């Protein structure tokens, strides 16, 4: 899935033998109408049969929605094998992205933000280290004082000192799927202090690679399962012509967007959380609401000044605005992924082949 740039606005709201093929580079495009391409995707060993079948169903719905010439999907053990008849000039890379994107959408309130590409968790650690100093007098009495200067140390930060209860550092010897919510504790890693296995029920430290911001996020308040529909469209204005802007949507007049409609339960959740966010003053990072897709922050706009803690945002509708690069295709692809729900498990692409005979 191409990354979605831009802001968010809310309106009022499987291993089987694969003979007969030759491996193809992911960026290759079909040059003959009717070329058949086989995508082999793998789930974790021992994934239940019903989960594999559900994944095949979701993938079939995604392909149906983009009107490919034909496709056939089958499950073989821990593999899902997808054969697709490709139209002339079809983009294999785009189809691959459509198949492997998990599609886990979550709306998370922002707790803190760092503008420097450093996890707020690391900054919390240094604040903790320089916070209090306790001294004991000769008579046994103690005095606690706040230090204004940090203690110089050559030891790497021990993030366990500032991790919330229920969240641990990731064990590199263990599968990430078995460590929901874990944080990278390797100081030599580029993702030090960031969440590696997202759990929507726990706090998380995630980044927006487009802006360079890193966020400390609260547990998800609204999920992709709270959506009733998602459709791509072209908006004539930043707020799709109606309603109250949720945040500052980039792009101005005329932009590709994804219109989100929440179900009744989702609409209630959305209104309640926006009431809470609106209680913070304009400019406070806690007035921001992050939209997260597959552990990546797509945007984190701030609630506009017009939204109050008494009303929040009613109507159960939201709009995700796209960036200018490939905006139309990105909007259509995202709408397809969100409309048919998330995959029940992660799938890894292990092979792409252009079939010459089957």
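Values in this text are rule-based calculations from the coordinates and carry no lab data. Predicted, not measured: the structure shown is a model, and the values here were computed from it. FYI the Cβ positions are ideal-geometry reconstructions off the backbone, even for glycines, and counts take in every protein chain you see.
Quickly work out the residue 314-to-residue 118 label distance, labels modelled 7 Å from Cα along the C-beta direction, and quote it in nm with one decimal.
Label-label distance for residue 118 and residue 314, simple model: 4.6 nm.
Based on other C-beta atoms within 10 Å, arrange 333, 186 from fewest to most.
Ascending number of Cβ neighbours within 10 Å: 186, 333.
Under 1.5 on a/c is rounded, so check that first for the range 295-358, then, if it is not, pick prolate when a/b is larger than b/c and oblate when it is not; a ≥ b ≥ c are the square roots of the alpha carbon gyration tensor eigenvalues.
prolate
Only residues of the range 82-126 count here: report those whose backbone N is under 14 Å from the spot 7 Å along Cα→Cβ of residue 350, or say none.
Residues 82 fall inside that zone.
What's the extension gain from residue 328 to residue 264 if we count 0.36 nm per residue and subtract their Cα-Cα distance?
Going from the current span to full extension adds 20.2 nm.
Going by C-beta contacts inside 10 Å, put 192, 215 in order with the fewest on the left.
Ordered by Cβ neighbours within 10 Å, fewest first: 192, 215.
Within 10 Å of each residue's Cβ, count the other Cβ atoms and sort 40, 211 from fewest upward.
Listing 40, 211 from fewest to most nearby Cβ atoms yields 211, 40.
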